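Scroll down for the structure; my scribbles are underneath it.
The numbers here are math on the coordinates, done by the rules we state, and not lab data. Being a predicted model, the structure only gives us computed values, none of them experimental. Virtual Cβ from ideal backbone geometry, glycine too; neighbours counted across all protein chains shown.
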Amino acid sequence: MKKEDLRIVYMGTPEFAVESLRRLVDGGYNVVGVVTMPDKAIGRHHETLQPSPVKQFAMEHGLKVLQPERLKDEIFLQELRDLNADLQIVVAFRMLPEVVWNMPSKGTFNLHAALLPKYRGAAPINWAIINGETETGITTFFLDHDIDTGEVIQQVKVPISDEDNVGDVYDRLMMLGGDLVVETVDNIIADCVQPIPQSEMTEGKELPVAPKIFKETCKMDWQTKNVKTMYDFVRGLSPYPAAWTELVSPEGKVDVMKVYRTEKIFKEHSLPLGQVDTDGRTYLQVALKDGFLRLHEIQLAGKKCMAVADFLRGSKINSNYQVR
């Protein structure tokens, strides 16, 4: 079978999913349809509908777009059947019911931003960095009944440096993901894939997972974390959704502060955990049990993100402040 003859339906929503679709379109593959989320209502009164990045790309390239509210809706299922896909590809979409992923003759594969079976779940890049991993990667795997558990087709490993944040790794994996999706399709066309059950890759070890991240997940814990784990926590949530804490003045005034970039300072001290240490002009750091987390980029509620030195010039922060 030639790539022009393989009928592909592509499923995805965010920017991360656009690159793989772009590679398929630019490479001359036969994408017969794109499935994405319904347009999102935005604006003060939700009066404006915003299409997903995947829909915008698909429309610009004349691809047929389906936007089901429910994936088991019979009208949608019939539209999907009518596309007569040989293969479905999923990148950053939703959990599919069996009636959808089992439809094409060559199956449905997913691109996941981690080295499965590690970091199954919604936020694999975030959790890999939060946990201080020095390596992550991307995986293509065939879908089955459970989330992120299907047989692995191919993987690519990617190093994580100590300075990388989520944005850095996201961009790297997005580009490499495009390469891997095309390579996986080519191998499926050539009938040379040899999928590996994830049960053979676990070696009986307890595996880290990547659950969805909520606002409370992002709150900084100054009482139990050390300098390294807090540093990794910040970069694992930067630039989005961002770690946050509460800055408390001596008078008890509380400001919510997001933290985007920090530095590790290992140093003995006698300050209470969460105590601010600053010269009021150039640096602001917070006491942890084995040193300080020096803050470099922050954002107070209602303000723009700024360097700490700029923030200090316009504030009266001193070493009597605390964070909690």
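Data overview
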{"quantity": "Inter-probe distance in nm under a simple model that places probes 7 Å from Cα toward Cβ, at Arg324 and Thr48", "calculated": "3.9 nm"}
{"quantity": "Relative contact order of segment 216-323, defined on C-alpha pairs under 8 angstrom at six or more residues apart (%)", "calculated": "29 percent"}
{"quantity": "Length-normalised contact order for the chain - Cα pairs under 8 Å, 6+ apart - percent", "calculated": "13 percent"}
{"quantity": "Highest-fluctuation residue, Tyr119, Tyr29, Tyr240 considered, GNM on the chain with Cα pairs under 10 Å", "calculated": "Tyr240"}
{"quantity": "Summed residue charge, Cβ within 14 Å of Gln50's Cβ, Lys/Arg positive, Asp/Glu negative", "calculated": "0"}
{"quantity": "Derived scalar couplings ³J(HN,Hα) [segment 57-72; Karplus, 6.51 cos²θ - 1.76 cosθ + 1.60; whole Hz; x for Gly, Pro]", "calculated": "5, 4, 5, 5, 10, x, 8, 5, 10, 10, 10, x, 6, 10, 6, 9"}
{"quantity": "Inter-centroid distance (Cα atoms) of segment 4-50 relative to segment 115-167, Å", "calculated": "22 Å"}
{"quantity": "About the Cα centre, charge dipole magnitude for the chain (Lys/Arg +1, Asp/Glu -1 at Cβ), debye", "calculated": "1180 debye"}
{"quantity": "Filtered trypsin sites (Lys or Arg not before Pro), segment 192-234: DSSP coil and at most 11 other beta carbons within 10 Å", "calculated": "Lys205, Lys212, Lys215"}
{"quantity": "Chymotrypsin sites (Phe, Trp or Tyr not before Pro) within segment 153-228, DSSP loop, no more than 16 other Cβ atoms inside 10 Å", "calculated": "Phe214"}
{"quantity": "Convex hull projection area averaged over all views, the chain, Cα basis, nm²", "calculated": "19.5 nm²"}
{"quantity": "Cα lying deepest toward the dipole's positive end in segment 216-323, options Asn226, Phe292, Tyr260, charges on Cβ", "calculated": "Tyr260"}
{"quantity": "Estimated dipole of segment 216-323 in Debye, rounded to 20 [Cβ of Lys and Arg +1, of Asp and Glu -1, Cα centre]", "calculated": "240 debye"}
{"quantity": "DSSP bridge pairs, the chain: antiparallel proportion in percent, nearest 5", "calculated": "70 percent"}
{"quantity": "Hypothetical label at Val99: residues of segment 55-84 whose amide nitrogen lies under 18 Å (7 Å Cα-Cβ projection)", "calculated": "66-84"}
{"quantity": "Per-residue HN-Hα couplings for segment 275-285 [Karplus 6.51, -1.76, 1.60; θ = phi - 60°; Hz; x = Gly/Pro]", "calculated": "6, 7, 10, 8, 8, x, 10, 10, 9, 9, 9"}
{"quantity": "Nitroxide proxy distance, nm - points 7 Å out along Cα→Cβ at Glu74 and Glu206", "calculated": "4.8 nm"}
{"quantity": "In segment 16-45, trypsin sites (Lys or Arg not before Pro) in a DSSP loop with at most 13 other beta-carbon atoms within 10 Å", "calculated": "Arg44"}
{"quantity": "Residue exposure sequence - Phe266, Phe16, Phe233 - by fewest surrounding Cβ within 10 Å", "calculated": "Phe266, Phe16, Phe233"}
{"quantity": "Kirkwood Rh in Å, taken over all unlike Cα pairs in segment 216-323", "calculated": "13.6 Å"}
{"quantity": "In nm, spacing of pseudo-spin labels at Lys267 and Asp179 (7 Å Cα→C-beta vector)", "calculated": "4.2 nm"}
{"quantity": "For the chain, built as a Gaussian network whose Cα springs stay under 10 Å, the top-fluctuating residue of Ile160, Ile75, Ile147", "calculated": "Ile75"}
{"quantity": "Once exposed loop GluC sites (Glu not before Pro) are cut out (DSSP; at most 12 other Cβ, 10 Å), longest piece of the chain", "calculated": "70-162"}
{"quantity": "Modelled FRET efficiency - R0 45 Å, Asp26 with Leu300, Cβ distances, 0.05 increments", "calculated": "0.55"}
{"quantity": "Per-residue Cβ neighbour rank within 10 angstrom, fewest leading, Ser249, Ser238, Ser105", "calculated": "Ser105, Ser249, Ser238"}
{"quantity": "The chain: angle of helix 15-26 to the longest principal axis, Cα-based, in degrees nearest 10", "calculated": "30 degrees"}
{"quantity": "Amide hydrogen neighbours beyond the local backbone of Arg261, cut-off 5 Å, H modeled", "calculated": "His296, Glu297"}
